[in-house]
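Peer 1: Take a look at the following structure, please.
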Amino acid sequence: MSEFPPDPSIPADAAAPLRVLVVGCGGIGGVATAALTETWGPLGVHVVAFSSNHDIARAVSEHGFRLVGADGARTVPGRCVVTLGEGDGPFDFVILAVQPPQVEEAARAALPFLAPDGAMVCLQNGLCEDRIARIAGPDRVLGGVVAWGASMPEVGVFERTAAGGFAIGRLDGAPDPRIDRLATLLECIGPVTRSDNFAGARWSKLAINAAISTLGTIGGDRLGALMVSLTVRRIVLHIMTETVRVARAASIRLEKVSGTLDLDWIALTDEEMRAVASPSLVAKHALLLAVGARYRRMRSSMLSAIERGRPPAVDFLNGEVVDRGLSLGVPTPVNAAAQAMVHAIARRERASGMGSVYALAESLGIG
């Protein structure tokens, strides 16, 4: 098992056990906390989960983190609290695993418990690092692009729905000794890539999530079932294309997702926008079908949020693309229409399902 790289600012004989706070105990937060507790707890790492949901905290306190899925069922004893007290800090890492609409509130609540030389770690989809930097300071923020999926099928029960790991780094790409410590910490969850172009990795993931998570919300099904639809794949390609064009206008150098998915390649060219079919379009649709097959069990966390009565994160995904496209003079009509559709579903004005997907495509003329 890996050991933590020493922190050069701490004398070897004075180093204290690492302390980690995971804020948010939904699918990602629950699976992450269970893995960190199971792997590092016996070695002295202090891991605490914090949730504003009393039912989740009670379920974990009474039964532990109950894990289900392809690897079988097991329980990891752990701690989830609804309040933080004086004895709970300071934490070397505060891992923010809440949904984007709650991330700023979560960061403010956790900030008093962050060690002076500690870091908040944004695991949200979207572009949340800038928001948290305004709260905690840019030198106290690291980002983590999550390349795996998880859900909470019932309160206190956590299921990993897709394999994968993380890309981590600072938004400004600067070296930071805490990145190595964070990488070692997260290796028990999945493989970790240290990125010196984290902004590019974050924007590439934004292109993925603005398409897949949003269509998962509109279509109301798991990714595998949705991606077999030609209409879904066409909308996905248009959302990704607009996002790539905004990133290019912002001088962002996009990174391949998980080292293989090249957003610069998958973005539609002007010729492909006009074509009914072409070899390159067939290849792009085939890639999306492969993605759907690989992550077939993934379900949109945004849809789950709506079902729990929480605001959807669409403004942090498609909304970011629309807002930044407006400031840069890049049209983003498909992202804007998808954003509006998700809000209509959240207001119960429309229902999730393929009917809403077809209505969106018809309104855009891309069905």
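The values are calculated or read from the model by the stated rules, or taken from the named source; none is laboratory data. Fair warning: this is a prediction, and the values are worked out from it, not measured in the lab. A quick note on method: Cβ atoms are made from the backbone with ideal geometry, for glycine too, and the neighbour counts reach across all protein chains shown.
Peer 1: Name the single residue that is modelled with the highest pLDDT among those in the range 145-163 being buried (at least 17 other Cβ atoms within 10 Å of the Cβ) and in a loop (DSSP other than H, G, I, E, B).
Peer 2: 156
Peer 1: May I pose another question? In the range 37-65, what residues are of a type in the set (A, V, I, L, M) and surrounded by fewer than 24 Cβ atoms within 10 Å (Cβ to Cβ)? I'd like the intermediate steps shown before the answer.
Peer 2: Initial filter on the range 37-65 (of a type in the set (A, V, I, L, M)): 43, 45, 47-49, 56-57, 59-60.
The answer is 43, 45, 48, 56, 57, 59.
Peer 1: Just checking, does the range 6-20 include any residue being modelled with pLDDT of 90 or more and buried (at least 22 other Cβ atoms within 10 Å of the Cβ)?
Peer 2: Checked the range 6-20: at least one residue is modelled with pLDDT of 90 or more and buried (at least 22 other Cβ atoms within 10 Å of the Cβ).
Peer 1: If you don't mind, there's one more thing I want to ask. Restricting attention to the range 189-203, and to residues there that are over 11 Å from residue 257 (Cα atoms) and of a type in the set (A, V, I, L, M), which single residue is surrounded by the fewest Cβ atoms within 10 Å (Cβ to Cβ)?
Peer 2: Filtering first and then ranking leaves 192.
Peer 1: Something else about it: Among the numbered conditions (1) at positive phi; (2) surrounded by 20 or more Cβ atoms within 10 Å (Cβ to Cβ), tell me where residue 322 comes up short.
Peer 2: It fails just one condition, (1).
Peer 1: So, one more: Cβ-Cβ below 6 Å, separation at least six or inter-chain, first residue in the range 41-59 and outside any strand (DSSP E or B), second surrounded by fewer than 17 Cβ atoms within 10 Å (Cβ to Cβ): which pairs?
Peer 2: Filtered contacts from the range 41-59: 44/17; 54/82; 55/155; 56/155; 57/82; 59/155.
Peer 1: Count, please, the residues in the range 246-283 that happen to be without any contact (Cβ under 8 Å) to a residue 40 or more places away in the chain, surrounded by fewer than 16 Cβ atoms within 10 Å (Cβ to Cβ) and within 24 Å of residue 166 (Cβ to Cβ).
Peer 2: 4
Peer 1: Follow-up. With respect to residue 243, determine if the residue is under 27 Å from residue 348 (Cβ atoms), part of a helix (DSSP H, G or I) and at pLDDT 95 or above.
Peer 2: So residue 243 does not fit the description; no.
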